[in-house]
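The values are calculated or read from the model by the stated rules, or taken from the named source; none is laboratory data. The structure presented is a predicted model; accordingly, all values stated were derived computationally and were not measured. In this analysis, Cβ positions are derived from the backbone assuming ideal geometry, glycine residues included, and neighbour counts consider all displayed protein chains. Please note that ligands, DNA and RNA were not included when accessible areas were found on the heavy atoms of the full protein model with its side chains. Shrake-Rupley method; radii C 1.70, N 1.55, O 1.52, S 1.80 Å.
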Amino acid sequence: MRYAGVAVAVAGVLVAAGAITYSVAEDGSADTAAPAADSADAGFARDMAVHHQQAVEMSYIVRDRTTDEDIRRLAYDIAQTQANQRGMLLGWLDLWGLPKVSSKAPMSWMGMGDMADGEDGALMPGMATNTELKKLGTLNGKAAEVFFLQLMTAHHKGGIHMAEGCVDKCTVGVEKRLAQGMVEAQQSEIDLMTDLLKARGAQP
């Protein structure tokens, strides 16, 4: 399939991004002071960890609902990359001695605490609802592929918006660089998913 090459290329980008993620973690101690609990750095780490966890969940659901190698490869890449990044974000919170949950609404660090009401499990922009996740788990083949691609495209757009917020507001250098890497990698995946949807006669 002609999209296989694109998928492989994106996978290579993600592997490289993962390597960069681990390498920049090693110089985390170079940042002088730990951020405050209500900082953008802490807020981004907490919120993106939750956002990533849902992407991992959706990816593993669709891997069991299709035999298409392009979709299964993409889902695996997303799951592995975002699980690794989630571990790093939670690790930083531990390193900083900060709680992994906050009494404030999600996205408060971006001034968007009143934007997401958490209805049906969609805690932040781009996140799928519990109803949508259940629906994904009932579909098979092309129907599952299309719905996954549509949900993940919206999910990535929400993730990019949040990561751009960290690039603008975070103060910890390694975290800002990780956020910028997320923007670039997820935009590449959006482009790929748009092509995959078109090949299936669907739109984002």
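State, as an integer percentage, the relative contact order of segment 82-204 based on alpha-carbon contacts under 8 Å between residues 6 or more apart.
Numbers: 101 pairs, mean separation 22.3, N = 123.
Once divided by the residue count of segment 82-204, the mean separation gives 18 percent.
Give me the net charge for the shell around G137: Cβ to Cβ below 13 angstrom, other residues only, Lys and Arg +1, Asp and Glu -1. Write out the running numbers ahead of the final one.
Working: positive: R63, R65, K134, K135; negative: E57, D64, E132.
Charge balance near G137 sits at +1.
Give me the net charge for the shell around V167: Cβ to Cβ below 14 angstrom, other residues only, Lys and Arg +1, Asp and Glu -1.
Details: positive: K169, K176, R177; negative: D41, E164, D168, E175, E184.
Here the count lands on -2.
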Query raised in the report: What net charge is computed for the residues neighbouring A83, neighbours being all others with C-beta under 12 Å from the C-beta of A83, Lys and Arg scored +1, Asp and Glu -1?
Result: -1
Report task. At most 14 other Cβ atoms within 10 Å and a DSSP loop assignment: could you name the trypsin sites (Lys or Arg not before Pro) in segment 72-102 that fit? Result -> K100
**Report entry** In range of the label at A37: residues from segment 80-117 whose backbone nitrogen is under 11 Å from the point 7 Å along Cα→Cβ
**Finding:** 98-104
Report summary line: As straight-line cross-link partners of K198, the qualifying lysines (C-alpha separation under 28 Å, not fewer than 8 residues apart within one chain) are K134, K135, K142, K157
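Would you mind working out the accessible area per residue for segment 42-179, using a 1.4 Å probe, and quoting it in Å²? It would help to have the intermediate numbers written out before the result.
Numbers: 5890 Å² over 138 residues.
I get 43 Å² per residue for this part.
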**Report entry** Label point distance in nm, L95-A83, each placed 7 Å from Cα along Cα→Cβ
**Finding:** 2.2
